[in-house]
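S.K.: To start, I am sharing the structure in question, which I have written as structure tokens.
Just so it is clear, none of the values below were taken in a lab; they were calculated from the coordinates. Predicted, not measured: the structure shown is a model, and the values here were computed from it. Glycine also receives a Cβ, built like all others from the backbone with ideal geometry; neighbour counts cover every protein chain displayed.
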Amino acid sequence: MAAIEFHDVSKVFPDGTRAVDSLDLQIKDDEFMVFVGPSGCGKTTALRMVAGLEEISGGTITIGDRVVNEVQSKDRDVAMVFQNYALYPHMTVAQNLAFGLKLRKVDKAEVRRRVQVAAETLGLEDYLQRKPSALSGGQRQRVAMGRAIVREPHAYLMDEPLSNLDAQLRVQMRAEIQKLQRTLGVTTIYVTHDQTEAMTMGDRIAVMRGGTLQQVDAPEQVYRRPVNRFVAGFIGSPAMNMIEARLVRADDELTVRFGEHILAIGDDVLAARPGLRSHEGGEVVLGIRPEDLEDAAFGAAAPGRTLTTACTLRESLGSEVLVHFTVDDGGSTFIGRVDPLTSAREGESLQLLVDTARLHFFEQASGLAIY
Amino acid sequence: MIFVPGRRRARSVEGSGQALIGPDEWRRTKVKWGFGGAQALLLVGLIIVGLGPLLWLAKSAITPTNDTITFPMALFPHGAAWSNLHRAWFDVRVGRYFWNTVELAIGSWLTQVFVATTAGFALSVLRPKYAKVITALLLTTLFVPAVVLLVPLYVEIVHPPLIHHSFIDSYWAVWLPAGASAFNVVLVSRFFDNLPREIFEAARIDGAGPFRLFFSVVLPMSKPILGVVSVFAVLASWKDFLWPLLVLTNPDQQPLSVRLPQIQSQTELGVFLAALFIASLVPIIGFLIFQRSFLRGTGLGGAIKG
């Protein structure tokens, strides 16, 4: 168990691609940190640099109190779980689990004990003598996890370990990995592009884009107070609705206007986001999460909280209904997540209530959130 | 697998889904007899062309010389002469040449497998910065005809650098040049290129250094390509005539391929045919044993998510 720290870490590939740019990040001992971001954002490269599988072009990475820039993978005492399992095909499950321990010259009895414990933890006791080819996807994933567990390393590095599993198994394994990490209390870096995994698993999540770190915080905070448009749009599903809008003061009340719509900005919002005052009369980007919209039939209508529009598409998910609607002449489409009993129909008019206390505002030029 | 009748045909239809003749058509008498007959003819033809000469050699090996000359097409008109095999093995010393050949083949096989796997590992798995240059140089040597290299190679064997002791009349003269096969290195490194790198990375994180990675992970995953290189190496060594003739001047050391043409004029035809038969047995048996290596898959089942 050890803290992992990135100090101004960069990675430039020989072709000039800057995969990671000046990454500064402290991962606490025993913490479950999730790196999340779209493809090519540098999250896997950052993880591989911790593992020693990529050279570090600049800056330093520290595991515990040791700078590991020049330390070989095998001497870093970290364990990695790969996206495609990377099991040794010619070895049985037991041999796969024991391989790392054997190389570290761990006593044979101790190897047997640890393999047995890992197998019991992961429900692999009946498969110890099987080769990976005779296992299902979920079982292979467990073996890959087991290989990391038996090592009892300083840190687990997981590179999208669930992305090859089917949806049901993924949910199950997600919970198991969380439980394991809590039980074992080992510092973990978990890379994923799946925001559900990011939101549910991590103590903190680090959102990356184009090699740079956008925001590091607890999942709840990242969701509630995204630092910029990218984070706001990336975290949350369906993504946050965004549109250019104008902040206008009318009748001594601050409002936000877009298309033909006017929403009131209450004093509570203004108190939480004092920065809005400096944008009065100016253009901003307004963000509304789909879950902050509701069919007006299910709430108390109030002036300055309602959008009247027409439903262009209705998607019923059983537990909720997603309604798509346009909000201006430019054809900007919003999505609202509304009560499953909504009577909204495609092509018919639709009245939606907006939870204006949860509106998000971003600067137009920089995309930074206004707080 | 298109015209195979019966059970196997049904399977091939399911498997490929594009058999030219469907199961319904096979039930028609005309199709059944027409294509069935054509298949049978083809099969017999292939057996005659492929297996015929070998069987004929086997038959001639145990036929008395007089019968082979007088009744070349007859099947043992005066009985079999098993003594041909015995005489070939002991009197003509085919046994000796046979073991020479085996020794040369094993040595060549060892050097080839050693060089091919270690060089392939270095170029493909360890990938030093200059690997691309070396691979390119290796590829260029494939374009140089072997005959062009005979003289320089011979000079090098007579005056090897650093050692300054001629390898002529030593099996090293055959074994060492055999190892220097660019084709094998390219073949093996292409195979290694296709092994999933994540497995190597997993092994490195598990604590494996280059040697452990090579012996415990890469080699066990490379059985198919080792089989292919082995078959090529043994067959090439077994058939090689010119190089052993040049570097092995002592008849007691020469392999079958060199000795057989030389003993032909002094050997009775039946005995000589028996010697030829013995010489061709090993490649045939070898092929039968190793053919699975050619047919087997890459053996990576379950290693990574496909």
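S.K.: List the trypsin sites (Lys or Arg not before Pro) within the stretch B:106-196 that DSSP assigns to loop and that have no more than 10 neighbouring Cβ atoms inside 10 Å.
M.R.: The qualifying sites are B:Lys129.
S.K.: On to the next question. Please compute the volume of the convex hull spanned by the alpha-carbon atoms of the protein assembly as shown and report it per residue in Å³.
M.R.: Taking only Cα atoms, the protein assembly as shown has a hull volume of 269 Å³ per residue.
S.K.: Within chain B, which is the longest segment that contains none of the chymotrypsin sites (Phe, Trp or Tyr not before Pro) sitting in a DSSP loop with at most 14 other Cβ atoms within 10 Å? Could the numbers behind the result be given before it?
M.R.: Working: sites that count: B:Trp82, B:Tyr130, B:Phe143, B:Phe241.
Result for the longest clean stretch: B:144-240.
S.K.: Right, here's the next one. Out of all DSSP beta bridges in chain A, what portion is antiparallel? Express it as a percent rounded to 5. Intermediate results must be reported in sequence, preceding the final value.
M.R.: Values: 58 of 76 bridges.
The antiparallel proportion sits near 75 percent.
S.K.: When A:Ile205, A:Ile189, A:Ile262 are ordered from fewest to most other Cβ atoms inside 10 Å of their Cβ, what list results?
M.R.: Ranked by crowding around the Cβ, least crowded first: A:Ile262, A:Ile189, A:Ile205.
S.K.: Select from chain B the helices, each a whole stretch of DSSP H, whose alpha-carbon atoms run 27 Å or more along the helix axis and whose Kyte-Doolittle mean is at least 1.0; answer none if there are none.
M.R.: Going by DSSP H runs, the hits are B:29-61, B:269-295.
S.K.: Here is the link list: A:Lys43/A:Lys179; A:Lys108/B:Lys129; A:Lys43/A:Lys108. Which ones come out longer than 32 Å on Cα distance?
M.R.: Over 32 Å apart, Cα to Cα: A:Lys108/B:Lys129; A:Lys43/A:Lys108.
S.K.: Compare the Cα positions of B:Ser108, B:Trp175, B:Tyr130 along the charge dipole of chain B (+1 at Cβ of Lys, Arg; -1 at Cβ of Asp, Glu; about the Cα centre) and return the one farthest towards the positive end.
M.R.: So the residue furthest toward the plus end is B:Tyr130.
S.K.: Divide by every residue of chain B the summed helix terms, -39500 (n - 2.57) for each DSSP H run of at least 4, and state the resulting mean residue ellipticity at 222 nm, rounded to the nearest 500 deg cm²/dmol.
M.R.: So the helix-based figure for chain B works out to -21000 deg cm²/dmol.
S.K.: Another question about this same structure. Starting from the amide H of A:Ile370, placed 1.01 Å from N in the peptide plane, find each other amide H under 5 Å away whose residue is 5 or more places distant or on another chain.
M.R.: Amide H neighbours of A:Ile370, under 5 Å, 5+ apart: A:Phe361, A:Phe362, A:Glu363.
S.K.: Something else: Name the most mobile residue of B:Val94, B:Val113, B:Val148, meaning the one with the largest mean-square fluctuation, in a Gaussian network model of chain B with Cα contacts below 10 Å.
M.R.: Between B:Val94, B:Val113, B:Val148, it is B:Val148 that shows the largest mean-square fluctuation.
S.K.: Now for a different question. Can you tell me the relative contact order of chain B? Whole percent, Cα pairs under 8 Å, sequence separation 6 or more.
M.R.: Here the relative contact order equals 26 percent.
S.K.: Separation of the stretch A:15-52 and the stretch B:223-269 by C-alpha centroid, Å?
M.R.: Comparing the Cα centres of the stretch A:15-52 and the stretch B:223-269, I get a distance of 59 Å.
S.K.: How many Cβ atoms of partner chains, on average, are near each residue of A:88-99 if near means within 10 Å of its Cβ?
M.R.: Going residue by residue through A:88-99 and averaging, the value is 4.
S.K.: State, in angstrom, two size descriptors of chain A derived from its alpha carbons: Rg to one decimal place and Dmax to the nearest whole number.
M.R.: Values for chain A (Cα only, Rg and Dmax): 24.7, 80 Å.
S.K.: Note down the net charge around A:Ala2, summing +1 for each Lys or Arg and -1 for each Asp or Glu among other residues with Cβ under 13 Å from its Cβ.
M.R.: -4
S.K.: Can you compute the radius of gyration and Dmax for the stretch A:241-363, using only the Cα atoms, both in Å?
M.R.: In order Rg, Dmax, the Cα atoms of the stretch A:241-363 give 14.3, 43 Å.
S.K.: Any idea what the dipole of the protein assembly as shown comes to, in debye rounded to 20, about its Cα centre with Lys/Arg Cβ at +1 and Asp/Glu Cβ at -1?
M.R.: The calculated dipole for the protein assembly as shown is roughly 3500 debye.
S.K.: Over all residues in A:72-80, what is the mean tally of Cβ atoms on other chains that come within 10 Å of each residue's Cβ?
M.R.: So the per-residue partner count for this stretch is 4.
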